[in-house]
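All remarks here apply to the structure that follows.
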Amino acid sequence: MTLKITEEMENSLILRLLQEAAAVCFIGDSLTEGTINGGIPWYNPIRQWISGRIVNVSQGGMTTTALLAVYLREILNSEAELYVIAVGANDILFRDAEFCAVTAEEYIQNLQSIRTAVVNRMPEAKFVFIAPWIAMDGDMSIIGGMKPPDTDLTYKSYTSALEEWCSTTGDTFINANEYLAEHFSKHPQGNYLLDFIHPNSGPGVKLYAEAVLKQCK
């Protein structure tokens with residue numbers, strides 16, 4: 001399912017970056033891999049506007065700690081010009097200190113380490129950081145039946161830290177969650193989500209791609 005690009009979306013910074021890059025590396029968790037919906041990543045509806053080579057470094061359950069410990073070599077080997085990084089929801093939801101960044105400070109430290117390693121190899125690389133994907137109410141069986149009670153506050157903490165950090169690095173920051181939450185408040189969540197967080201392969205990924213473009217001026 002492709003996304004009709006409106007005049008507002010045409011002016012989106014991320015769309016311009018995607019069109020200009022000779023190679024794009026998408027980095028993330030199950031929403032970027034398409035783990036649950038048959039392999040359709042959130043950016044699939046805008047794929048036709050990406051002119052360069054696409055590399056996808058993502059996996060269901062991905063955390064920033066796992067990215068740094070296990071997937072850094074794969075990220076570096078992509079040698080992309082643009083890195084679009086959407087990770088952090090699993091750090092927030094699972095909170096296992098062995099596999100997750102359990103504080104906003106550690107979350108930013110992990111991303112900084114990844115960014116530094118990329119820049120050391122590709123000094124002219126550009127980065128887009130997307131805030132951790134929103135977790136809605138619904139089937140929470142994947143994380144034991146319930147979200148941690150302070151999940152909303154933790155999302156705000158990690159998102160605020162990411163936005164502040166991006167303001168110091170000059171990288172593009174996108175928070176698509178308010179747009180998504182407002183949409184779900186007006187339309188049946190089940191039309192777009194397979195569970196509490198994963199968009200389906202049709203209207204779901206289309207909505208997520210739209211949210212990213214519209215929230216990146």
Report task. Please give the number of the condition residue 136 fails out of (1) within 21 Å of residue 43 (Cα to Cα); (2) modelled with pLDDT under 95; (3) assigned to a helix (DSSP H, G or I). Result -> (3)
**Report entry** Subset of the range 186-203 that is more than 20 Å from residue 93 (Cα to Cα) and either among the hydroxyl-bearing types (Ser, Thr, Tyr) or in a strand (DSSP E or B) (or both) - its residue that is most open to solvent (accessible area, probe 1.4 Å)
**Finding:** 201
Query raised in the report: From the list 11, 56, which one is surrounded by fewer than 24 Cβ atoms within 10 Å (Cβ to Cβ), among the polar types (S, T, N, Q) and touching a residue at least 60 places away in the same chain (Cβ under 8 Å)?
Result: 11
Query raised in the report: Right, residue 34: surrounded by 22 or more Cβ atoms within 10 Å (Cβ to Cβ) and under 13 Å from the mean Cα position of the chain (by Cα) or not?
Result: no
Report task. Scan the range 71-104 residue by residue and report those that are over 22 Å from residue 126 (Cα atoms) and surrounded by fewer than 21 Cβ atoms within 10 Å (Cβ to Cβ). Result -> 94, 95, 96, 97, 98, 99, 102, 103
Report summary line: Subset of the range 120-133, residues touching a strand residue (DSSP E or B) at 6+ places or on another chain (Cβ under 9 Å), closer than 25 Å to residue 213 by Cα and not in a strand (DSSP E or B), comes to 125, 131, 132, 133
Requested in this report: Residue by residue through the range 59-70, note down the ones that are farther than 21 Å from residue 118 by Cβ and open to solvent by less than 40 Å² (accessible area, probe 1.4 Å).
Outcome: 60
Requested in this report: Identify the single condition in (1) under 20 Å from residue 211 (Cα atoms); (2) surrounded by 17 or more Cβ atoms within 10 Å (Cβ to Cβ); (3) in contact with a helix residue (DSSP H, G or I) (Cβ under 7 Å, 6 or more places away or on another chain) that residue 19 does not satisfy, given that it satisfies every other one.
Outcome: (2)
Query raised in the report: Got at least one residue in the range 168-181 being small (Gly, Ala, Ser) and either open to solvent by 20 Å² or more (accessible area, probe 1.4 Å) or free of Cβ contacts under 8 Å to residues at least 24 places away in the same chain (or both)?
Result: yes
Requested in this report: Considering only the range 22-31, state which residues are in contact with a helix residue (DSSP H, G or I) (Cβ under 9 Å, 6 or more places away or on another chain) and either part of a loop (DSSP other than H, G, I, E, B) or surrounded by fewer than 16 Cβ atoms within 10 Å (Cβ to Cβ) (or both).
Outcome: 29
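The values are calculated or read from the model by the stated rules, or taken from the named source; none is laboratory data. Source: prediction; values computed, not measured. Counting neighbours? That spans all protein chains shown, and the Cβs are built from the backbone with ideal geometry, glycine included. Heavy atoms of the whole protein, side chains included, go into the accessibility calculation; ligands, DNA and RNA do not. Shrake-Rupley method; radii C 1.70, N 1.55, O 1.52, S 1.80 Å.
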